[in-house]
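See structure below.
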Amino acid sequence: MVNPNLVFDSVRRGYNALEHASNDEITSYFEGLEPDVMMGHINNIKGILFEQVYVDQLAEQGTHAEVFEFTNHPGADVSIFENGETINELEMVATDSVSYINSTFAENPDIAIVATSEVASVFESEMVIDSGIENIALENAVTEALVEDIVNPLSPVSVLGWLIGLPF
């Protein structure tokens, strides 16, 4: 289970306009967006969240890693350090799409990809690393923290709203 505060921290990191926003202000920002638009935001936030969860996981294992300052850093998302020096850079990909991993690898064939478990298990290359983190867990964490009832048509509130004819 991903701590919801990490979701809000990911929003703050990825959205300059929300850098100093409260959790409630962040939730309000996303309220009322059309579901297809919100899915784009969920994917963006999920990727940023994935980077931080993986860096935290590495720290628990005694490895010093950091995300790059900007979320649009070219080529890589995370630096691995040893004795204060960068020893490796990793591209982080939170997806369940094999084709997305293939296209990412084609763009930067010399940078290892850390992928979510669902898709990493398909690859036998040493350049695709299983993070041990599931894509669906990240997606669920984001939707539960931000927009559960708007995006998830199977949530109890959405089902009830559909049954009684509320617009979503």
Inset, instruction - Search the structure for amide H atoms under 5 Å from the amide H of E134, placed 1.01 Å from N in the peptide plane, and list their residues when 5 or more places away or on another chain. - result: S117
Legend entry - Amide proton proximity set for H64, modelled H, under 5 Å, gap of 5+: F81
Inset, instruction - Pop out the ³J(HN,Hα) list for segment 28-37 in order, Karplus 6.51 cos²θ - 1.76 cosθ + 1.60 with θ = phi - 60°, rounded to Hz; leave Gly and Pro as x. - result: 4, 4, 8, 4, x, 6, 4, x, 5, 5
Legend entry - Percent accessible area from carbon and sulfur atoms, segment 28-78, protein chains only, probe 1.4 Å: 49
Legend entry - Packing rank of 23-31, 68-76, where each peptide gets the mean count of other beta carbons within 10 Å, highest leading: 23-31, 68-76
Legend entry - Average accessible surface area per residue within the chain, 1.4 Å rolling probe, Å²: 57
Inset, instruction - Scan around N88 for amide H atoms under 5 Å from its own, H built in the peptide plane at 1.01 Å from N, and keep only partners 5 or more places away or cross-chain. - result: I80
Legend entry - segment 8-22 - phi-based ³J(HN,Hα) in whole Hz, Karplus 6.51/-1.76/1.60, Gly and Pro as x: 5, 5, 5, 4, 4, 6, x, 10, 3, 5, 10, 3, 10, 7, 6
Inset, instruction - Sort the following peptides by mean Cβ neighbour count (other Cβ atoms within 10 Å, averaged over residues), highest first: 50-61, 34-45, 2-13. - result: 2-13, 50-61, 34-45
Legend entry - Answer label for Rg and Dmax of the Cα atoms in Å (calculated), chosen among (i) 17.2, 61; (ii) 21.3, 66; (iii) 15.0, 50: (i)
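The values are calculated or read from the model by the stated rules, or taken from the named source; none is laboratory data. No experiment lies behind these values; they were computed from the predicted model shown. Cβ atoms come from the backbone with ideal geometry, glycine included; neighbour counts cover every protein chain shown. The area values use the complete protein model at the heavy-atom level, side chains included, leaving out ligands, DNA and RNA. Shrake-Rupley method; radii C 1.70, N 1.55, O 1.52, S 1.80 Å.
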